[in-house]
Each structure stands twice: as structure tokens, then as C-alpha cells.
6 protein chains.
Amino acid sequence: MFSVTVRDHMMIAHSLRGEVFGPAQRLHGATYVVDATFRRASLDADGIVVDIGRAAQALHAVIAELGYRNLDDEADFAGTNTTTEALARVVADRLADRVRAGALGDAARSLDGLAVTLRESHVAWASYERPL
Amino acid sequence: MFSVTVRDHMMIAHSLRGEVFGPAQRLHGATYVVDATFRRASLDADGIVVDIGRAAQALHAVIAELGYRNLDDEADFAGTNTTTEALARVVADRLADRVRAGALGDAARSLDGLAVTLRESHVAWASYERPL
Amino acid sequence: MFSVTVRDHMMIAHSLRGEVFGPAQRLHGATYVVDATFRRASLDADGIVVDIGRAAQALHAVIAELGYRNLDDEADFAGTNTTTEALARVVADRLADRVRAGALGDAARSLDGLAVTLRESHVAWASYERPL
Amino acid sequence: MFSVTVRDHMMIAHSLRGEVFGPAQRLHGATYVVDATFRRASLDADGIVVDIGRAAQALHAVIAELGYRNLDDEADFAGTNTTTEALARVVADRLADRVRAGALGDAARSLDGLAVTLRESHVAWASYERPL
Amino acid sequence: MFSVTVRDHMMIAHSLRGEVFGPAQRLHGATYVVDATFRRASLDADGIVVDIGRAAQALHAVIAELGYRNLDDEADFAGTNTTTEALARVVADRLADRVRAGALGDAARSLDGLAVTLRESHVAWASYERPL
Amino acid sequence: MFSVTVRDHMMIAHSLRGEVFGPAQRLHGATYVVDATFRRASLDADGIVVDIGRAAQALHAVIAELGYRNLDDEADFAGTNTTTEALARVVADRLADRVRAGALGDAARSLDGLAVTLRESHVAWASYERPL
């Protein structure tokens, strides 16, 4: 199995609902360093998993829809806790939509899977992985 | 599949028995930067894999039992080589015990798995992963 | 010249005023990984620059006053842009106050200087350094 | 499942054929920071996955055959694109050959698998994993 | 004293002349992760050292002139060894030219200094610092 | 001013005397990731600060005298606390001796200074810098 990973980041504000979150129930924020991993069993005709330039652009487009925003005000997240793990899934699912829509090229439609990791600090991170 | 990871560290002394270890047969020591990863197929009602505060506390409690000690003098390790890979399993198994005992909350009892990585330097690390 | 550095982090929300900031004029947030460096020309009687436990506690206390907050709502920052470089100075100056007040012990009063670095992502950081 | 990883690096020149590569079609180069991960279900009699000294030597030997070279001139790669993902496989397959030839000792013949990651920058990397 | 740093990277091929370089006398290559640090004694009217967006663009422009090239073929480097330390100076001097030409804005003309670090691997890097 | 840095590591056991050290008064250990930085105002005839191969060998030789040992048993450290900051000085001073003895070549005798950083974990490190 092969994989390729690209890294980018986004900076958001949000608050979390539930006693379990302690002081993070207050409005605060985070930088998420975002790693998107694309997996496939064999390389395409160019000898790659995915066009790394297009993969980086697709990731950048997905996080540009989230970054520099207060997620508490986004209609998409009404009623959901925008935890690190939930946001990892949002990024992965939106990337998967772009792959299926052809944004990463035709060869990318035969990718096997996708994983997204959001690093919220030097001591904590969350991931979500899914098939494609 | 979702996962959440928390990082901490411990500093121990030990020696290793067996020619394969070369100079590490002498009494020496290590800082282990410890990453504990908790896995589950779906998020709980709060939108999380595990309460990250409790996860960090549980990891800290486990490594506090090992850190600032000469492991050669610990009864628990009599007759065992405290290699990085063996210690990764000790940390993972002790964390699993705490999860089952409820230290990470009731929701954590439905975690699917656990992985522990011990980084002994910038050029070497070991992991152990297990179901829960 | 000797130095000792301890690392911690804080998560805040804020917005920045001025066209130069582009989308960062909107309410968003950041994780700052904070490195506090203490400098002195010679070691104290224990062979240290500063009690690293107390240094870590002082840094943690300073950033606990800032973290998990929307800095736009903090009276201390009314009328100021809470840029990464400005916050590096706030952390350094507040740490210096604690050093002078004896929070790091008597020996720490003879520290020569202090530097604080705030890492806002994997590709950008800011520092402020000052004498003590 | 246990694993042990060792890190080394190599510096190569090459060019890539295909429009998808943009400016990387010109002769350029890369530092690859190489992580080789060895996996096995249970530890050997010494309490290890693999002799970490021998593992590091084997990895160093494999990458010494590639490093400080223009890969465009190497007969082994005639007609292939030496992409990061393709090189990850080359390193993994050559390490697997050494394992089977006994270079890592007899116990290493019962390793279950191998993964190799090549980090080409702080924002991109590729991996290949295989059974043994 | 304040500073702000931005990170980018470039991938080049080159060879080095002189016995001291051993196998690096052959044509090979490197990824340089490039950190550019801008220093000034006091913040400007916006509360910043430099417009970080413009700083990142200026750094990107400078390294785009070097990256994805065989430096042995570049007229600018005829007769010079393109060592990591020499390239750090090239990047710093070209950034200084851009600062003086106003590419980072008027306020940036009062910057006090500049430092550039080129990381060639996880175990080696070089820096050059200069006044402005 | 130019600088070049090389990284290596050592693993030691020790204990520290003094109440300020808390649990670190017990016999324990540490991995120190060691960065040695060599500084000079201008490059030598080969375009380098120092022969990086010889610099790495000299650093390796210095830390090989310390690593895989219990520093409490070393005559050189009788009556001294082997704190991270004190060990940074030991490594720097021993490297300086080697530079003066010619181990890094004749050109290295005109180096201006030396700095050594010992990273004891992901959250703490110490440095010592000196002229040459």
C-alpha cells in the first residue's frame, strides 16, 4: 500500500458545549496543522499516488472554507460540537467529495482511502480515516 | 475510524541484558516522549473519542509510576528487558486497565483500541497497539 | 552564557484591526506553542539557570490568564492588536514581573534576560527578548 | 502488534517526466528523511522487534546506494519516474531483501511487515508498506 | 527586540568542489527548509514586525528563483560552491534587496536585521544573519 | 555572521542533589538530543563554516565519552550536579578543546564561537554558548 501526505493549516475560533470541555466551553480558538493522507494499492501511470500539487490545492480549498472564521457562527455546524475529531471528519469528507468530483484528476478516482489528522498543539491531535 | 492522541514524557534509568545491546548493557537512561492514541469507530454524544483531559491524566498517572526511577530496581520488571518496545506495551496495557476501570469515563469503555509510541531519540522509536 | 527553555501552549480567539491583516480581520483563533527562555551568565549553587519546575509553573500561570478566552473581550487589550509579536511581549513582561516578585526563587532574581517565542503554525512564529 | 522505527536521510538529484510534475520536470534534487518501520506480532527472546543497531546499518546501506547521486543516470531506474512514492518502495523492497538474506539476524526473518516513509519537505511525504 | 519568522522550502540539484566534500562532490541534491527571520526593536503602527503575508511572498519569490534547478548550471553561481551556508547568505541578501526596494512595505524599511536558516536534513542546518 | 549546526544524541543515567530537583533526586536518566553550532564571521576557502563531516565526528566523539553511562559514577563529575545546563557546557568545552587541537582542520581554528543545546524532552532544553 502506498500513501502520500500533504500538510497545511487553518486558524479558527469556536466554543464547545458540554461540561467535559471545562474552560474550552468559553469562546477560544485553535491553529490546526492539517495532514491529508491519500492511499492507493498501486501507483498510476506517472508513478504517483496522486498529483501532489492538485492534492495540496484541494486541501487548501477545503480549509479555506473553515479558516479565519468563528465556527460557532457557521450554519453548517449548527447544533454540532466542532471538536478536533469532528473537524478531522469534515475535512476528510469534503476532500473525498472533491476527489469524486474529479478535482484531483481522473486517476485519483481510484484512490483507496483518505486520512486526515488535525494537530491542535504539540501535545494533542486527532485523526479520521475512511475509504474512498 | 477516529483517533485522539495525547503526548507526555518520562525519564528513566535502566540497563539491558544480552550481547545484542552492546554499550546499552551498561546502566544508562532515556527520555521517552510517549504518545497514547485512543481509537473508536464513532464519536460519543459530546462529539469526542475520549475526554482528552482525562486521557492526559490517565497517561500521566501511568508514566508517573515509571518515571524518575531506575527500572533495574523495580520488582515489576525483574527478569525482563525493559526495551523501548516492551515499555510501550507496559504503558498500553496499564492504560487499558484504567480505561476498563472507568478512569476515562463510561463512554471510554466502548473504545476500540489503543496504541502507544515511545520516542527514545530523534532517530528511533517503538510502538505497541492493541484492541480494547 | 547559559539558557534554559520550557514549552507550553495556549488557545485563544481574537480578531486583528487593519487592512494588512486580510481575512485575519475576522474573528478567528490560534494555538500558540509558547517557548520561554531564561538566560544567565553563570549557574547558581545548584548548577542550574532556574528551577525548571517553578519556571514551568510561572509560564503556565501567565498563559492561563490568556488561554481559552476571546482576547477581543479582555480589558487589558482594549485598543491594541493582539498580534503574535505583541502577545510574545505580554508573556515575556508578565514572566519578568513574576521573576522580580520572587515566584521563581531568590536565585532567579539574578537572571540576565528572558525570551519568549510564540509558534502560531508550522510555518510562522514570533519572538520578543528583553533583559531582566 | 509491535513496531520499531529508525530514521536516516539521503540527498539525491533527479528529474521527473510528465506534465503533471510542472517545474519538477527540470533537473533538481531532494533530501529524503527516511523512516523504516519493522513490525512483528510478538517480541523475540531479547525482548525486541529487531536489533536496532543492525536495522539502522541495513537502512544506511540501502540508502548509501542511492544517496549523493543523480538518479537520472542510474541504470536501475532507466524508464521509471523516481517519485517519492516509488523510492519509498525501492527502499522497502531492498530492506526486505536484506532481512531475508539474514542481515538483521535470524530472529528478524520472522518479522511480519515493513513500512518506509520518505519525507521530502516539512509539508509533504510518501510511504510504502508491505508484508515480509 | 522583536522578530517574526516564516518558513518555506526549495529543492535543488548541485555538486560541490573540494576534497572536503567527499561523496557530495558528485551531482546530488537537497531539500532546504528555509526559515527567514525579520528583526526590529519596536513594532510598527499595526503592532507587527512586518506584514507576514508580504514576508512570505518575498521569501517565496526569492527561493522560486533557485528551486527546481541544477545550481551548477546557474550563471550567478559560476565559480562558487553552493554550500548550505553560502546559499543562506544568498537568500538573506536577496531578501534584503527586496526589503530595501519596498516589496515588504514602507514600514519594513526600518527593520533592524534579517537571519536565514537552511535546514538540509533532520541533523544539519546553516544560518546567516545580517543587519538591514 | 554564519553558523552551521549538527545534531546527535546520547543516553545517560544520573541523579541530582538538592531539594529543588524533587523526584529527579532519584537515580533516573535522559536522552539528550545534542545540537552543536559553530559560528564564524566569514566562510573559508571552500565556502564553509567548518567541515561538517569532521564536526559531526568530533561531536560524536565527545558524546561517546558520556553516553551509555551512569554519570554518578564518573570521576570527572564527582561533586558536581550533571544538570542539563552543566552538561551543555561540558560538551561545548570539550568540543572547543578538539577545535583548538586541530581535530576539525586548520581552518576551524579561526571559528568565532560555539553553542551547544541539549534537548531533554519535547518541552525542555538548555544551551551554553562561548567564544572560541
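Which residue is nearest to the other protein chains (Cβ to nearest Cβ), if the candidates are limited to segment A:82-93 and must be of a type in the set (V, I, T) and assigned to a helix (DSSP H, G or I)? Walk me through how you get there before you give the answer.
So in segment A:82-93, the residues of a type in the set (V, I, T) come out as A:82-84, A:90-91.
Remaining after also requiring assigned to a helix (DSSP H, G or I): A:84, A:90-91.
Values: A:T84: 7, A:V90: 11, A:V91: 13 Å.
Among residues in segment A:82-93 that are of a type in the set (V, I, T) and assigned to a helix (DSSP H, G or I), the one nearest to the other protein chains (Cβ to nearest Cβ) is A:T84.
Regarding C:E85, is this residue surrounded by fewer than 21 Cβ atoms within 10 Å (Cβ to Cβ) and not small (G, A, S)? Quick ask: steps written out before the conclusion?
Working: surrounded by fewer than 21 Cβ atoms within 10 Å (Cβ to Cβ): no; not small (G, A, S): yes.
No; evaluated as a whole, the condition is false for this residue.
Could you list all residues from segment F:87-114 that are in contact (Cβ under 8 Å) with a residue 12 or more places away in the chain and of a type in the set (G, A, S)?
Listed by number, the residues that qualify are F:A88, F:A92, F:A96, F:A103, F:G105, F:A107, F:A108, F:S110, F:G113.
Mind listing whichever residues of segment F:38-66 are of a type in the set (G, A, S) and under 15 Å from F:R109 (Cα atoms)?
Going residue by residue through segment F:38-66, those that are of a type in the set (G, A, S) are F:41-42, F:45, F:47, F:53, F:55-56, F:58, F:61, F:64.
Scanning segment F:38-66 gives F:A41, F:S42, F:A45, F:A55, F:A58.
Within segment E:58-81, take every residue that is open to solvent by 10 Å² or more (accessible area, probe 1.4 Å) and in contact with an Asp or Glu (Cβ under 7 Å, 6 or more places away or on another chain) and give me the one that is farthest from the other protein chains (Cβ to nearest Cβ). Steps first, please.
So the first thing to find is which residues in segment E:58-81 are open to solvent by 10 Å² or more (accessible area, probe 1.4 Å), and the list is E:60-61, E:64-65, E:68-70, E:72-81.
With in contact with an Asp or Glu (Cβ under 7 Å, 6 or more places away or on another chain) added as a condition, the list becomes E:60, E:81.
On the way: E:H60: 11, E:N81: 4 Å.
Only one residue tops the list, namely E:H60.
Of everything in segment D:103-117, what is modelled with pLDDT of 95 or more and out of contact with any helix residue (DSSP H, G or I) (no Cβ under 8 Å at 6 or more places or on another chain)? Give them in sequence order.
D:D112, D:G113
Can you tell me how many residues within segment C:94-124 are within 14 Å of chain E (Cβ to nearest Cβ) and of a type in the set (K, R)?
1
Please go through segment F:1-32 and pick out each residue that is among the aliphatic types (A, V, I, L, M) and under 24 Å from E:Y128 (Cβ atoms).
Kept after step one, since they are among the aliphatic types (A, V, I, L, M), are these residues of segment F:1-32: F:1, F:4, F:6, F:10-13, F:16, F:20, F:24, F:27, F:30.
If the condition is that a residue be among the aliphatic types (A, V, I, L, M) and under 24 Å from E:Y128 (Cβ atoms), then F:M1, F:V4, F:V6 are the ones that fit.
Can you tell which of E:T117, E:T84 is hydroxyl-bearing (S, T, Y), touching an Asp or Glu at 6+ places or on another chain (Cβ under 6 Å), over 19 Å from D:A13 (Cα atoms) and in contact (Cβ under 8 Å) with a residue 40 or more places away in the chain?
None of the others qualify; the one that does is E:T117.
If I ask for residues that are in contact with an Asp or Glu (Cβ under 9 Å, 6 or more places away or on another chain) and not charged (D, E, K, R), which ones from segment F:89-102 would you list?
Within segment F:89-102, the subset in contact with an Asp or Glu (Cβ under 9 Å, 6 or more places away or on another chain) is F:90, F:92, F:94.
Result: F:V90, F:A92.
Quick check on segment E:103-132: of everything there that is assigned to a helix (DSSP H, G or I) and aliphatic (A, V, I, L, M), which residue is surrounded by the fewest Cβ atoms within 10 Å (Cβ to Cβ)?
E:A107
Scanning for something outside any helix (DSSP H, G or I), modelled with pLDDT under 95, farther than 14 Å from D:L43 by Cβ and open to solvent by 30 Å² or more (accessible area, probe 1.4 Å), does segment B:94-102 turn up at least one residue?
No, every residue in segment B:94-102 fails to be outside any helix (DSSP H, G or I), modelled with pLDDT under 95, farther than 14 Å from D:L43 by Cβ and open to solvent by 30 Å² or more (accessible area, probe 1.4 Å).
Take the conditions of a type in the set (G, A, S) and either under 21 Å from C:A126 (Cα atoms) or touching a helix residue (DSSP H, G or I) at 6+ places or on another chain (Cβ under 7 Å) (or both) and apply them to E:G18. Does it pass? Lay out the reasoning, then the answer.
Values: of a type in the set (G, A, S): yes; either under 21 Å from C:A126 (Cα atoms) or touching a helix residue (DSSP H, G or I) at 6+ places or on another chain (Cβ under 7 Å) (or both): no.
Answer is no for this residue.
Across segment B:1-57, which residue is most open to solvent (accessible area, probe 1.4 Å) among those that are in a helix (DSSP H, G or I) and at the interface with chain F (Cβ under 10 Å from one of its Cβ atoms)?
B:Q25
The values are calculated or read from the model by the stated rules, or taken from the named source; none is laboratory data. The model shown is predicted, which means the values in this text are computed figures rather than measured ones. A quick note on method: Cβ atoms are made from the backbone with ideal geometry, for glycine too, and the neighbour counts reach across all protein chains shown. The protein model used for the area step is the full one, side chains on, heavy atoms only, and it has no ligands, DNA or RNA in it. Shrake-Rupley method; radii C 1.70, N 1.55, O 1.52, S 1.80 Å.
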